[in-house]
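Since the structure comes first, as C-alpha cells, the remarks are kept for the end.
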Amino acid sequence: MTPDRRWIRINDPLHYRWLIFLVLSAMYFLACLHRISPTVIARDLVLAFGADATALGVMSSAYFYLYAAVQPPVGVLSDTWGPRAVVTLFAGIACIGVLVFGLAPNMAVATLGRALIGIGVGGVFVPALKLFSKWYRSQEFAGMTGIFLAMGNAGNLAASLPLTYLVLWLGWRMSHVAVAAASLALIAMSWFVLRDKPEDKGWPPVVEANAPDPASAIAPPQMGTRRRMAIVFSQRDFWMVTLSTFFFGGPTLTFQGLWAVPYLMDVHAFTRVQAGGMLMLLPLGFVIGAPTFGFLADRLPFGRKPVLLASLTLALICWGIFLFSGGRPHPALIGPCFLTIGACGGGSLSLYMTITKELFPPWLTGTAIGLMNPAAFFSTALFQPFSGFLMDTVGAVGETYPLAAYQNVFIAIFVFMVFGLLAVIPLRLKPGG
C-alpha cells in the first residue's frame, strides 16, 4: 500500500504555504530572541567592556530605534521589490549585525552590531504579513497571524532560560556566532523557499471563500501616501491608542529585555539559571494573554475598551506590587506578577491592533497599523538609556546594583503605566467596540 504523503507534498500551494510559514516563523523567532537577549548577558558585557548601566541602555536601545525606523521603508519595499527579496536582504543585514556584536572589541562596536540587528530583523514582520495575504484566504489570515505572533514570542522564551544555558556552555561571544550561523542557513532557505505569491510557482491565486465585497477595500481615487497619513493623523482616537502603546510598551520591553535578570540576581540573589527560568514567565504570559484577551473582547457584550482598560489596570497593579514593596516583594509574588504582566502585554497588544484597524476603513488599515506599531519600539529605545541613567544616579557597588537603583526604575515604570492607562480613557469607540 502506498503511504499517504499528502502532508509533505510541496507541489500543492495549500501544502507549500506551510513551508513558507515555517521559514518565516523561524526568522521571526530569532527577531524576538534578539529583542530581549541583552538581559541574559548584561553582566558579561559589564565585565567585558567595563560598561555602566547607561551604556548598556544605549547599546540595547539601538535595536529598537532602528527596528522602528525601518518599518515604513520596509512596507514600501515589500510592495515594490516583493517580500521575498526584502526578507532575504534584511536577514543578511541581521546576520552581519550578530557577528559584529559577538566579536565586538568594545561597547561602541557592540552598539553598532546591535543597530544592524535592529535594521535586519525589522524586515521580517511586515513582509511576512504581506506574504500571508497572498498565500492564505482572508478568513484564515487572522488565525495565521496569531500563530505567527506566538512563534515569535517563543523566541522571547528562548531568550531566557535556553539562552542562559547556551551562554553558560559557549560563552556570550560564541553564542552569537552560533546564532549567526543559524541565521545564515535561514537566509539560504528564505531565498530558495519563499515566493511572493502562488503564481510565482506556476499555481493559480488562492481562491477566496465568501470573500467580502472587494469595493470596500479599494481606496478612493488620488489617494496617495501623504493623504493616507493625513487621514490617520487627523483621527483623535488614533493618537489615544498610539500614546497608550508608547507609554505601556516601552517600560515592559525594557525591563524584560535589559533589567529583569540583573534585578533578580542583584536583589533576590537568584542564580543566572534561576533568573533565566523566572524570566520565561513574561513571554509565556504574552503567549497566553494575546489570544485570551482577544477572545474576551470578541465575546463579552461591553466591547473592547473595557477589556483593554482591565488589562492595563491589572498590569499597573502588578508593577505597583514591585514599587510599593520598596522594590523587593516577597519572592512568591514575583512569578505570578511576571506571568500577569506578560499576559497583559500580549492582551493589550492584540487589542491595540484590533482597535486601530476598526478606526479606519479597510483600505487604510495597513497604513494606520504601520504608523501605530513603531510606538512601543520608539518608547523602548528612549526608556532603555533613561532607565540606565536612573540606575547610574545610584551607582553600582562592585559588579552589582543596589536595591535603590532598581527602585528608581520601578518608579519610572509605574508613572509611564499610569499615563498609558489615562490615554485610553478618552477613547470613543463605536457601540460594542
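The numbers here are math on the coordinates, done by the rules we state, and not lab data. None of these values were measured; they are calculated from a predicted model. Glycine also receives a Cβ, built like all others from the backbone with ideal geometry; neighbour counts cover every protein chain displayed.
Taking every alpha-carbon pair under 8 Å whose residues sit at least 6 apart, the chain reaches a relative contact order of 24 percent. Give me the angle, in degrees from 0 to 90, between the Cα long axis of helix 71-80 and the longest principal axis of the Cα atoms of the chain, rounded to the nearest 10. Orientation of helix 71-80: about 20 degrees from the principal axis.
Working ranking of peptides 21-31, 193-203, 327-337, 414-424 by packing, defined as the average number of other Cβ atoms within 10 Å per residue, highest first, is 21-31, 414-424, 193-203, 327-337. For Kirkwood radius over Cα pairs in Å, which listed value, (1) 25.7; (2) 22.4; (3) 23.6, comes from the coordinates shown? So the calculated entry is the one marked (2). Which angle between 0 and 90 degrees, to the nearest 10, do you get for helix 83-102 versus the longest principal axis of the chain when only C-alpha atoms count? Taking the Cα atoms of the chain, the angle to 83-102 is about 20 degrees. Here LYS357 is the anchor, and the lysines within straight C-alpha reach of less than 29 Å, apart from those fewer than 8 places off in the same chain, are LYS130, LYS134, LYS197, LYS305, LYS430.
To the nearest ten degrees, helix 236-254 and the longest principal axis of the Cα atoms of the chain are 50 degrees apart. Annotation: peptides 149-157, 168-176, ranked by per-residue average of other Cβ atoms within 10 Å with the highest first, follow the order 149-157, 168-176.
Shape class for the range 12-202, computed from the alpha carbon gyration tensor (a ≥ b ≥ c): prolate, with a/c not under 1.5 and a/b above b/c.
The value of relative contact order for the range 12-202, using C-alpha pairs under 8 Å at least six residues apart, is 37 percent.
Going by how many other Cβ atoms sit within 10 Å of their own, how do THR225, THR252, THR354 line up, fewest first?
Values: THR225 10, THR252 26, THR354 19.
Placing the least packed residue first, the sequence is THR225, THR354, THR252.
The calculated pair-distance distribution of the range 225-433 uses every alpha carbon pair, bins of 5 angstrom beginning at 0, and gives 1, 7, 15, 19, 19, 14, 10, 7, 5, 3, 1, 0 percent.
By the count of other C-beta atoms within 10 Å, a proxy for reagent exposure, CYS32, CYS318, CYS344 are ordered fewest to most as CYS318, CYS32, CYS344. When the Cα positions of PHE377, ASN408, LEU282 are compared along the charge dipole of the chain, PHE377 comes out farthest toward the positive end, with charges on each C-beta of Lys, Arg, Asp and Glu.
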